[in-house]
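Notes follow once the structure below has been shown.
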Amino acid sequence: MKKRKTQPKQSSRRDFIKKSAIASSIFIVPRHVLGGPGYTAPSDQLNLAAIGAGGKGRSDIRNASVGGRERVVALCDVDFSGSAKSSVEAFPKAKIYHDYREMLDKEKDIDAVTISTPDHVHGPAAAFAMQRGIHVYVQKPMTHNIQEARYLTKLAREKKIVSQMGNQGASNPLLKMVQGWVDSGKLGKISKVQVWTNRPVWPQGFKFPEPDESEKPEDLKWDLWLGPSKAIPYTPNIHPFNWRGWWEYGTGALGDVGCHLIDIPFRTLGLKYPTDAECSVGAVYTKMWNAEYHPEGCPPSSFITLHFEATEKSKAPIEMTWSDGGIRPSHPTIIPADDDIGGKNSQNGVLIIGEKGIISTNINDSSPLMPKLYLNDGTKEFGPEEENFDEPEYGHHRQWVDACKAGFDSAEHKDLTSSFDYAGPMTETVLMGNLAIRSYMLRRENAKGRTEYFGRKKLLWDGENMKITNLVEANQFVGRTYRIGWDLRS
């Protein structure tokens with residue numbers, strides 16, 4: 001397949017814009033008068049497309065259009081009978097596709113795409129676009145597995161792609177308050193971080209559903225929905241949302257909100273790859289002494305521990321714990337018993353714990369961040385519990401669009417809060433937790449004919465070489481197997 005080069009096209013477009021601006025300066029009447037307030041000339045607009053136009057994809061492509069400032073030329077979804085219909089209504093001139101590969105090969109003028117599919121399609125779709133010189137906005141988690149995250153991070157640099165992951169809270173201005181508390185040394189030496197969530201809030205922890213072709217929605221392109229995953233008959237209760245609890249398609253509670261929650265300490269403490277990972281998971285018993293065993297799916301709850309080496313910001317090694325399934329840390333003594341930890345009702349949150357005090361924050365998606373500082377000497381500093389910002393989702397999409405226009409390595413690009421240079425390593429850290437969970441479920445029959453769970457140990461991680469060094473079998477979860485035509489290099 002011949003790959004087109006878009007960088008010259010984008011450069012010539014920018015040159016045209018600059019030349020047009022110079023030429024138009026000889027006229028007395030300003031251009032905005034001719035076109036109306038807020039008018040953007042067609043030559044100044046990005047040509048946008050959406051891969052995944054329903055669900056979160058609706059707001060992603062809408063926000064990327066910046067209130068109609070940019071031009072949406074194509075929409076791709078495997079099922080336009082659902083929530084994707086509203087995107088068609090919002091952008092009636094956009095061409096409609098079911099297969100993103102067909103869309104990107106036919107629509108030669110696409111500059112940038114939003115990718116808002118189930119997790120298993122993030123990596124292949126992003127790679128397909130990036131290889132064609134198209135800028136990408138990819139929903140969190142950036143990828144389904146660690147190997148994909150490393151590949152896309154490298155590819156973005158090689159192809160000079162302006163990238164952004166959809167953890168919109170990374171652009172929340174209130175993060176600067178948390179960063180200031182860390183950088184000022186108010187907490188003293190920071191050694192521990194606790195992160196937790198009430199997810200999963202979808203069905204999870206049981207046997208994979210039985211297929212039933214008779215229940216397939218008429219308009220759903222099931223084979224395209226499966227994408228890189230193995231071909232199976234239509235299975236109910238997977239599309240459009242409950243795929244999150246199955247490893248073939250989703251990344252569980254960590255993939256859903258880990259990139260929002262773990263982003264806070266990862267960013268403010270300047271963390272790098274973890275050095276190890278270990279976990280335990282909740283078990284369900286329907287028979288005495290026999291736990292249910294469904295390794296194809298995420299467990300009902302998990303507890304994960306990661307360790308990080310000291311960095312310039314953290315100054316000391318960090319232990320980070322993650323818990324999901326509604327399991328949260330104990331309430332610290334320094335925080336009044338009637339105060340929530342994290343967010344409302346303490347359902348989701350982050351505690352950054354130092355020798356002199358604690359920082360407490362909520363989940364950092366589109367919920368109020370609620371930053372709070374409690375020091376041992378009784379000092380307290382609180383950010384607002386309610387937020388009121390002018391732009392949707394903190395301008396996360398608009399900043400990406402502006403950076404696409406300015407170009408790779410521009411000031412706008414460098415100012416992005418979640419370009420792949422940052423989002424790649426952070427996503428790898430999030431997915432390390434899932435690697436630990438899946439390794440925990442590994443089992444075999446020992447010499448005595450008994451079941452042995454041989455992956456229930458601390459896993460030592462060589463981040464640079466992307467491998468577990470003390471359990472070879474765990475490395476199968478670093479990447480995945482792809483169906484022909486759907487791998488990262490298609």
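Observations, loosely collected:
- GluC sites (Glu not before Pro) lying in DSSP loop within the range 366-431, provided at most 11 other Cβ fall within 10 Å: GLU386
- Charge dipole of the chain about the Cα centre (unit charges at C-beta), most positive-ward option of PRO392, THR311, ALA156: ALA156
- Inter-probe distance in nm under a simple model that places probes 7 Å from Cα toward Cβ, at ARG483 and ASP219: 2.2 nm
- Protection-proxy order for peptides 165-174, 65-74, each taking the mean of Cβ atoms within 10 Å per residue, highest first: 165-174, 65-74
- Extension gain, ASP105 to LYS207, is 32.8 nm, computed as 0.36 nm per intervening residue step minus the present C-alpha separation.
- Taking Cα atoms only, the orientation of helix 146-158 departs from the longest principal axis of the chain by about 30 degrees.
- Under the combined filter of DSSP loop state and at most 12 neighbouring Cβ atoms within 10 Å, the range 207-299 retains these trypsin sites (Lys or Arg not before Pro): LYS207, LYS230.
- Loop sites in the range 139-247: GluC sites (Glu not before Pro), DSSP, at most 10 other Cβ within 10 Å: GLU218
- Of VAL121, VAL281, VAL113, the sequence from fewest to most neighbouring Cβ atoms within 10 angstrom is VAL281, VAL121, VAL113.
- Cross-link pairs LYS176/LYS380; LYS140/LYS380; LYS189/LYS372; LYS192/LYS272; LYS93/LYS154; LYS230/LYS458 - those with Cα-Cα distance over 23 Å: LYS140/LYS380; LYS93/LYS154; LYS230/LYS458
- Label zone at GLU385 (point 7 Å along Cα-to-Cβ), backbone N below 16 Å, the range 163-180: none
- Placing unit charges on the Cβ atoms of the charged side chains and taking the dipole of the range 416-490 about its Cα centre, the candidate lying farthest along the positive direction among VAL478, GLY449, TRP461 is GLY449.
- All aspartates and glutamates inside 18 Å of LYS405 as judged from Cα atoms, apart from same-chain residues fewer than 8 positions distant: ASP15, ASP44, ASP60, GLU70, ASP109, ASP111, ASP415
- Pairs of C-alpha atoms in the range 334-471 farther apart than 28 Å represent 49 percent of all such pairs.
- Sorted by Cβ density within 10 Å, fewest first, the residues ILE238, ILE359, ILE51: ILE238, ILE359, ILE51
- Debye intensity ratio I(q)/I(0), log10, the range 223-297, q values 0.16, 0.25 Å⁻¹ (C-alpha model): -0.87, -1.19
- Under a model in which nothing but the beta-carbon of Lys, Arg (+1) and Asp, Glu (-1) is charged, the range 345-490 shows a dipole of about 1360 debye around its Cα centre.
- Gyration tensor over alpha-carbon atoms, the range 425-490, equivalent ellipsoid semi-axes in Å: 25, 17, 10
- Footprinting exposure proxy for LYS372, LYS315 (fewest neighbouring C-beta atoms within 10 Å first): LYS315, LYS372
- What you get for the chain, charging only the Cβ of Lys and Arg (+1) and of Asp and Glu (-1), is a dipole of about 1420 debye around the Cα centre.
- Nearest 10 degrees, 0 to 90: helix 7-24 Cα axis against the chain principal axis: 50 degrees
- When the charge dipole of the range 132-216 is built from unit charges on Cβ atoms (+1 for Lys and Arg, -1 for Asp and Glu) and taken about the Cα centre, the candidate among TYR137, MET177, TRP202 whose Cα reaches farthest toward its positive end is MET177.
- Theoretical FRET efficiency, 1/(1+(r/R0)^6), r = Cβ-Cβ of VAL88 and GLU445, R0 56 Å, to 0.05: 0.55
Values in this text are rule-based calculations from the coordinates and carry no lab data. All values reported here derive from a predicted model rather than from experimental measurement. Cβ coordinates were reconstructed from backbone atoms using ideal geometry, including for glycine residues, and neighbour counts include every protein chain displayed.
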